[in-house]
Amino acid sequence: MSGAQMLLECLVQEGVDCFFGYPGGVTLPFYDALYDHPIRHVLVRHEENACFAAEGYARATGKVGVCCATSGPGATNLITGLVDSMMDSIPIVALTGQVSSSLIGTDAFQEADTFGITRSCTKHNYMVRNIAELPRIVHEAFYVAASGRPGPVLVDIPKDVFQAMGHYTPVHSIHLPGYKVFTEGHAGQIRRAAQMIWEAERPMFYAGGGIIAADASRELQELTELVDGPAVTTLMGLGAMPSGHPNFISMPGMHGSYAANMGLTQSDLIVALGVRFDDRVTGRLAAFAPHAKIIHVDIDPAEIGKNRTPDVPIVGDVKRVLQKLNKVIEELKPAEAPRTETARRAWMHKLRSWKQEFPLAPVTSDTEIKPQHLMAEIDRVSGGKAIVTSDVGQHQMWAAQLVRFDLPRLWINSGGLGSMGFGLPSAIGAQFARPESLVISLVGDGGFQMAIPELATIASYGLPVKIIVMNNGYLGMVRQWQDLFYNNRLSSVTLDCFPDAEKLAGAYGFKGRTVTQPHELAAAVDACIAEPGPYLLNVKVSPFENVYPMVPSGGAINEMVMGPPQPAVVK
Amino acid sequence: MMQVISLLVENKPGALLRVTGILSARGYNIESLTVARTLDPELSRMTIGVDVEERLRAQVIKQMNKLINVLQATDMTDGRSICREMVLIKARTRQESRTALLKEVEIFGARVVDSSTDGFAIEATGDPEKLDEFIGLMRSYGEIEVARSGAVAISLESKKLRLQPPVPTRAAGSLAGNGVLNG
Ligand SMILES: Cc1ncc(C[n+]2csc(CCOP(=O)(O)OP(=O)(O)O)c2C)c(N)n1
Ligand SMILES: [Mg+2]
């Protein structure tokens, strides 16, 4: 068979049922082989979106997402998606075509040094030199992408390798002697951790994307129940605890809740699970959780001690470690109520009352649609069960605060890189992965306009994605910072032209509508969700709302600003 | 401070780029770097001197170990090890100081590898800091030109090389593969 057919055979072996891409000159042989092959190729409208769609697919399922681009501009268009999946540890295999081997290094038409360019934006990358090494490399790529700390792996394939003829010999084992994955966790450290958890008076479980990646949300819930301790989940970890779980507090960090941030600050033991002490969570690092001892579980040894030195480091798959930890915790459960139990009960009580006293509550108005009102509506129709893919900005933060997620892999957003333009194409991937699920793509008026070409993909595949634009007429999150920290000098943040949603959607052959009045919102959202096909709902919200609570950058997380400054009283 | 790292690296395309790339991406300054083949032609030994704060040393090693082509990363700064560097010096001297200069060369244990009426070419090996001193000394005799090799180091402790054994693939009927964290 040809190299192109062999590549498809590798994808079949890896269980790939669909992937996202855009063809070009050097990938012609590959697309020719694809012509009568059962694997589904989804033609997006820009390569960046092929990678974002693959991410949506991967984030919704945990499976490896696959994207494909031609050499030169095709490959360079993938970069943002690669970095995005690197930052959020999402398993992606990116396939790129390359000019024929004999032309490499000659500045041939559409030649780019893809292997060199993508070195720093992938977990690992390959250039295939001949057809004989193609199967090994492709299977290695899938293995590396999905195992350990997941991430993107790129395979660059010259045109002549696609055209060469050879035999596919199944690859029975992956031999990467330098790729060490530690999954089990050190038994002694796990025991120490269990002991410390029983002895803590104010424990806090701080859980993140690692819990989702490792499929460990059940184990996390068990742990919080075993010791009746509170849990906060990061932006990447939303859904790891069901929103209604009695031990779930909320999201910590820059736009986190009072309870979550004060809880971390006052805790005497933080159990960090699949998190990386990101600056958006910790605020000023030196002031973060000053009284807390730290237990840090992560599969990536380099995360441990990177930002905060733990008292008990545990390198391992957080699911395996939690299974063991929960067992030891049960074994060690003191027969008598421990000395600390009263303190711990009071602590849990304190957090629950903070959560009630300072809720992340929706704001409404009779005259205009408040952004928080829109989030409450999305929350209502989702009921904790819809997939929501978000873009980046204020709407993302309000959604993270106000929309409930009762299962992992429902909340899909660009966390680490914060890539605008992510929300729409990732919904495409998520909808292909979960054809039966309600997929809501929540985007800002800025990010939506970065992704408009993908309306064509949605229309041509008839994907029932519900696009909801939170339209505040601004690059809202940047406007907020200019408002708060640059004397409200609004520089290049006005989005004064936005297409008519009904006409725009209509131009692509589906329905759309704009709502402006608060009393119309509920019905409009219902109609959007009820539509069997795609729908574009443009919601005009009040333009000058800011996201609170907010920890100003460089501040400690207990120094939250809870709301807008009260207007001065005019005499 | 200067941290000396020794890496055992697979001779794969781009391996050197990965190592230097990650160091620069993480903001560590490379002071010196040597690469050469080992007894096993498929492996290279790299010795890298990086300028890094004391508290980040462990992080540097972890970042190196994350690279798939790196089989082993060792911090030579702690633990018993030997570190050597070679320098070639072209020294111009005036006629009257030739003997004195040769004396210094002899005391240091360096060698003259070329001699002319203008001066000498001198080869010296030693601990990098000792070489600094020697170079300083040579400079006091006049204009010099220097080419240093960068440090190479070897550990005197017996550290087991731990390698990942082969992992069966899906094709072999195991669970490893798409979306499954390996165990
Ligand atoms: C590709 C990219 N460019 C720029 C930014 C910086 N940025 C962060 S949020 C934001 C504003 C987003 O505006 P909009 O999509 O309207 O969302 P809103 O904040 O108004 O909800 C910008 C420009 C970014 N995150 N990504
Ligand atoms: Mg906006």
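The values are calculated or read from the model by the stated rules, or taken from the named source; none is laboratory data. Only a predicted model underlies this, so the values are computations on that prediction, with no experimental measurement involved. Cβ atoms come from the backbone with ideal geometry, glycine included; neighbour counts cover every protein chain shown.
If we scan the stretch A:511-525, do we find a residue that is in a loop (DSSP other than H, G, I, E, B) and among the polar types (S, T, N, Q)? Walk me through it before giving the result.
Initially, the stretch A:511-525 is screened for residues in a loop (DSSP other than H, G, I, E, B), giving A:516-517.
With among the polar types (S, T, N, Q) added as a condition, the list becomes A:516-517.
Yes, that holds for at least one residue.
Would you check which residues across the stretch A:12-27 are more than 22 Å from A:GLU111 (Cβ to Cβ) and surrounded by 24 or more Cβ atoms within 10 Å (Cβ to Cβ) and list them?
Residues of the stretch A:12-27 that are more than 22 Å from A:GLU111 (Cβ to Cβ), as a first pass: A:12-20.
The answer is A:GLU14, A:PHE19, A:PHE20.
Among the residues of the stretch A:398-430, count how many are free of Cβ contacts under 8 Å to residues at least 60 places away in the same chain and away from ligand 2 (no atom under 15 Å from the Cβ).
Number satisfying all stated conditions: 2.
Tally time: how many residues in the stretch A:434-456 are buried (at least 24 other Cβ atoms within 10 Å of the Cβ) and more than 12 Å from ligand 2 (Cβ to nearest atom)?
Counting residues in the stretch A:434-456 that are buried (at least 24 other Cβ atoms within 10 Å of the Cβ) and more than 12 Å from ligand 2 (Cβ to nearest atom) gives 5.
Please indicate, with yes or no, whether at least one residue in the stretch A:484-507 is of a type in the set (D, E, K, R), within 16 Å of ligand 2 (Cβ to nearest atom) and outside any loop (DSSP other than H, G, I, E, B).
Restricting attention to the stretch A:484-507, the residues satisfying the condition of being of a type in the set (D, E, K, R) are A:489, A:496, A:500, A:502-503.
Retained after the next criterion (residues that are within 16 Å of ligand 2 (Cβ to nearest atom)): A:496.
Checking the rest, the ones that are also outside any loop (DSSP other than H, G, I, E, B) come to none.
Among the residues of the stretch A:484-507, not one is of a type in the set (D, E, K, R), within 16 Å of ligand 2 (Cβ to nearest atom) and outside any loop (DSSP other than H, G, I, E, B), which makes the answer no.
Inside the stretch B:96-170, counting only strands (runs of 3 or more DSSP E) that do not spill past its ends, which hold 1 or more residues that are away from chain A (no Cβ under 14 Å) and of a type in the set (Phe, Trp, Tyr)?
Of the strands (runs of 3 or more DSSP E) lying wholly inside the stretch B:96-170, those with at least 1 residues that are away from chain A (no Cβ under 14 Å) and of a type in the set (Phe, Trp, Tyr) span B:119-126.
Can you say whether A:ILE468 is away from ligand 2 (no atom under 16 Å from the Cβ), buried (at least 17 other Cβ atoms within 10 Å of the Cβ) and within 20 Å of the chain's Cα centre (by Cα), as far as the supplied structure shows? Can you show your working first?
Numbers: away from ligand 2 (no atom under 16 Å from the Cβ): no; buried (at least 17 other Cβ atoms within 10 Å of the Cβ): yes; within 20 Å of the chain's Cα centre (by Cα): yes.
So A:ILE468 fails the test.
Among the strands (runs of 3 or more DSSP E) contained in the stretch A:364-479, which hold 2 or more residues that are within 14 Å of ligand 1 (Cβ to nearest atom) and aromatic (Phe, Trp, Tyr)? Give the steps one after another, and end with the answer.
Values: elements: A:387-390, A:439-444, A:466-471.
Hits in the stretch A:364-479: none.
Collect the residues in the stretch A:376-393 that are surrounded by 24 or more Cβ atoms within 10 Å (Cβ to Cβ) and either polar (S, T, N, Q) or within 14 Å of ligand 2 (Cβ to nearest atom) (or both), keeping them in residue-number order.
Residues satisfying the conditions are A:THR389, A:SER390, A:ASP391, A:GLY393.
Output yes when any residue across the stretch A:10-28 is free of Cβ contacts under 8 Å to residues at least 40 places away in the same chain and in contact with a His (Cβ under 7 Å, 6 or more places away or on another chain), and no when none is.
no
Hey, can you tell me all the residues within the stretch A:146-170 that are facing another protein chain (nearest Cβ under 7 Å) and in contact (Cβ under 8 Å) with a residue 60 or more places away in the chain? Reasoning before the result, please.
As a first pass, look at the stretch A:146-170 and keep what is facing another protein chain (nearest Cβ under 7 Å): A:146-147, A:170.
Across the stretch A:146-170, the qualifying residues are A:ALA146, A:PRO170.
Per-residue answers, yes or no, for (1) closer than 27 Å to B:ILE135 by Cβ; (2) modelled with pLDDT of 95 or more:
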| site | (1), (2) |
| --- | --- |
| B:GLN3 | yes, no |
| B:ARG26 | no, no |
| B:THR47 | yes, yes |
| B:MET64 | no, yes |
| B:THR74 | no, no |
| B:SER81 | yes, no |
| B:MET86 | yes, yes |
| B:ARG92 | yes, no |
| B:GLN95 | yes, no |
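Could you tell me whether A:GLY446 is under 15 Å from the mean Cα position of the chain (by Cα) and over 28 Å from A:MET204 (Cα atoms)? Outline the logic, then answer.
Working: under 15 Å from the mean Cα position of the chain (by Cα): no; over 28 Å from A:MET204 (Cα atoms): yes.
Criteria not met by A:GLY446.
Among the candidates A:THR514, A:THR494, single out the residue that is within 14 Å of ligand 1 (Cβ to nearest atom) and among the β-branched types (Val, Ile, Thr).
Details: A:THR514 fails: within 14 Å of ligand 1 (Cβ to nearest atom).
The unique qualifying residue is A:THR494.
Restricting the search to the stretch A:310-332, which residues are within 14 Å of another protein chain (Cβ to nearest Cβ), assigned to a helix (DSSP H, G or I) and either touching a strand residue (DSSP E or B) at 6+ places or on another chain (Cβ under 9 Å) or without any contact (Cβ under 8 Å) to a residue 60 or more places away in the chain (or both)? It would help to see each step written out before you state the result.
Within the stretch A:310-332, the first condition is being within 14 Å of another protein chain (Cβ to nearest Cβ), and the residues that meet it are A:310, A:313, A:315-324.
If we keep only those that are assigned to a helix (DSSP H, G or I) as well, we get A:318-324.
Scanning the stretch A:310-332 gives A:VAL318, A:ARG320, A:VAL321, A:LEU322, A:LYS324.
For the stretch B:6-20, does any single residue satisfy the condition of being more than 14 Å from chain A (Cβ to nearest Cβ) and in contact (Cβ under 8 Å) with a residue 40 or more places away in the chain?
yes
What do you reckon, is A:SER120 surrounded by fewer than 24 Cβ atoms within 10 Å (Cβ to Cβ), over 30 Å from A:SER426 (Cβ atoms) and polar (S, T, N, Q)? Reasoning before the result, please.
Numbers: surrounded by fewer than 24 Cβ atoms within 10 Å (Cβ to Cβ): yes; over 30 Å from A:SER426 (Cβ atoms): no; polar (S, T, N, Q): yes.
Here the answer is no, as A:SER120 does not meet what is asked.
State all residues of the stretch A:419-457 that are under 15 Å from A:LEU537 (Cα atoms), of a type in the set (S, T, N, Q) and touching a strand residue (DSSP E or B) at 6+ places or on another chain (Cβ under 8 Å); if no residue qualifies, say none.
Matches in the stretch A:419-457: A:SER441 only.
Could you list, in sequence order, the residues of the stretch A:218-232 that are closer than 22 Å to A:GLN266 by Cβ, touching a residue at least 40 places away in the same chain (Cβ under 8 Å) and either more than 21 Å from the chain's Cα centre (by Cα) or outside the structural domain of A:ASP268 (by TED's automatic domain parsing) (or both)?
Listed by number, the residues that qualify are A:LEU223, A:LEU226, A:VAL227, A:ASP228, A:GLY229, A:PRO230.
Taking the stretch A:502-516, which residues are touching a strand residue (DSSP E or B) at 6+ places or on another chain (Cβ under 7 Å) and either charged (D, E, K, R) or more than 27 Å from A:ARG45 (Cα to Cα) (or both)?
Here is the first cut: in the stretch A:502-516, the ones touching a strand residue (DSSP E or B) at 6+ places or on another chain (Cβ under 7 Å) are A:502, A:504-506, A:510-516.
Residues satisfying the conditions are A:GLU502, A:LYS511, A:ARG513, A:VAL515, A:THR516.
If you scan the stretch A:156-177, which residues turn out to be touching a Leu at 6+ places or on another chain (Cβ under 7 Å) and over 23 Å from B:PRO165 (Cα atoms)?
If the condition is that a residue be touching a Leu at 6+ places or on another chain (Cβ under 7 Å) and over 23 Å from B:PRO165 (Cα atoms), then A:ILE157, A:VAL161 are the ones that fit.
Looking only at the stretch A:178-199, count every residue that is closer than 30 Å to B:LYS12 by Cα and either of a type outside the set (Lys, Arg) or part of a helix (DSSP H, G or I) (or both) and tell me the total.
Here is the first cut: in the stretch A:178-199, the ones closer than 30 Å to B:LYS12 by Cα are A:178-184.
Imposing the further condition that a residue be either of a type outside the set (Lys, Arg) or part of a helix (DSSP H, G or I) (or both) reduces the set to A:178-179, A:181-184.
Total satisfying the criteria: 6.
Given A:ILE212, A:ILE131, which one is buried (at least 20 other Cβ atoms within 10 Å of the Cβ) and assigned by TED's automatic domain parsing to the domain that holds A:TRP347? I'd like the intermediate steps shown before the answer.
Values: A:ILE131 fails: assigned by TED's automatic domain parsing to the domain that holds A:TRP347.
Just one listed residue meets the conditions, A:ILE212.
Is it true that some residue in the stretch B:116-135 is exposed (fewer than 15 other Cβ atoms within 10 Å of the Cβ) and aliphatic (A, V, I, L, M)?
Among the residues of the stretch B:116-135, not one is exposed (fewer than 15 other Cβ atoms within 10 Å of the Cβ) and aliphatic (A, V, I, L, M), which makes the answer no.
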